[in-house]
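**Student:** Pasting in a structure now, in structure tokens, and then I'll have a few things to ask.
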Amino acid sequence: MYTVKEAASITGLTEHAVRFYTDKGLVPSIQRNQNNIRMFDEESINWLHGIKCLKQSGMPIGVIKTYIDLCLEGDSTIPQRFELMMEHKEAALAKLEEAKQHVAHLEEKTALYQAILEHRTQDTTNPGNWDRIQHMHSDVFYSPAVRKA
């Protein structure tokens, strides 16, 4: 049997994470000794490794809990677990696309800053100056009706 500290060391998790996961009911085989101290057996360590793996994939705690509950029901839930993984994968791919859009936007912004630094264009990045330069970039400024609101 292992203590929280030992379980953390074995799994590479922090002690805080181990306690958090057990408090959230993610380690079904957790035991407590006569002093109500958490004790971990090999199965508990396996659950912690599994939680760590799912967490590293970006899976939210609530979904991990659902996954664990399905695992506890047995092999009959493999189709549901597969579906859960597919949904998580799709969500991760959507986040990846969003991140790519952020990077593309930042590429444009850093190119603009480079042009400003090289004195090839005026500084259009400071909202405090926009009233003087609206005519230069009318496509990026709010309409007059929105600006007055």
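The values are calculated or read from the model by the stated rules, or taken from the named source; none is laboratory data. As the structure is a prediction and not an experimental result, all values here were calculated from the model. Using ideal geometry, Cβ is built from the backbone for each residue, glycine included, and neighbour counts are taken over all protein chains shown.
**Student:** Are there any pairs, at least 6 apart or on different chains, whose C-beta atoms fall under 7 Å, with the first in the stretch 119-131 and within 19 Å of GLU108 (Cβ to Cβ) and the second at pLDDT below 80 and part of a helix (DSSP H, G or I), and if so, which?
**Tutor:** Final answer for the pair search is GLN122/ILE133; GLN122/MET136; ASP123/ASN129; THR124/ILE133; THR124/MET136.
**Student:** Which of (1) modelled with pLDDT under 95; (2) touching a helix residue (DSSP H, G or I) at 6+ places or on another chain (Cβ under 7 Å) is the odd one out, the single condition GLN134 does not satisfy?
**Tutor:** With (1) modelled with pLDDT under 95; (2) touching a helix residue (DSSP H, G or I) at 6+ places or on another chain (Cβ under 7 Å) applied to GLN134, the lone miss is (2).
**Student:** Please verify whether LEU112 is more than 25 Å from LEU54 (Cα to Cα), surrounded by 13 or more Cβ atoms within 10 Å (Cβ to Cβ) and modelled with pLDDT under 95, treating the condition exactly as stated. Explain how you work it out, then say what you get.
**Tutor:** Numbers: more than 25 Å from LEU54 (Cα to Cα): yes; surrounded by 13 or more Cβ atoms within 10 Å (Cβ to Cβ): yes; modelled with pLDDT under 95: yes.
It is true that LEU112 is more than 25 Å from LEU54 (Cα to Cα), surrounded by 13 or more Cβ atoms within 10 Å (Cβ to Cβ) and modelled with pLDDT under 95.
**Student:** Can you work out which of the residues in the stretch 76-87 that are farther than 24 Å from VAL18 by Cα and either at pLDDT below 95 or not hydrophobic (A, V, I, L, M, F, W, C) (or both) is nearest to the chain's Cα centre (by Cα)?
**Tutor:** Taking the candidates together, the pick is GLU87.
**Student:** Also, quick follow-up: On the given criteria, is LYS109 farther than 23 Å from TYR2 by Cα, free of Cβ contacts under 8 Å to residues at least 40 places away in the same chain and either in contact with a Cys (Cβ under 8 Å, 6 or more places away or on another chain) or not in a loop (DSSP other than H, G, I, E, B) (or both)?
**Tutor:** Answer is yes for this residue.
One line per residue, one yes/no per condition, for (1) β-branched (Val, Ile, Thr); (2) at pLDDT below 95; (3) closer than 30 Å to LEU96 by Cβ; (4) over 20 Å from the mean Cα position of the chain (by Cα):
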{"site": "LEU13", "(1), (2), (3), (4)": "no, no, yes, no"}
{"site": "HIS16", "(1), (2), (3), (4)": "no, no, yes, no"}
{"site": "LEU54", "(1), (2), (3), (4)": "no, no, yes, no"}
{"site": "ILE64", "(1), (2), (3), (4)": "yes, no, yes, no"}
{"site": "LEU70", "(1), (2), (3), (4)": "no, no, yes, yes"}
{"site": "GLY74", "(1), (2), (3), (4)": "no, no, no, yes"}
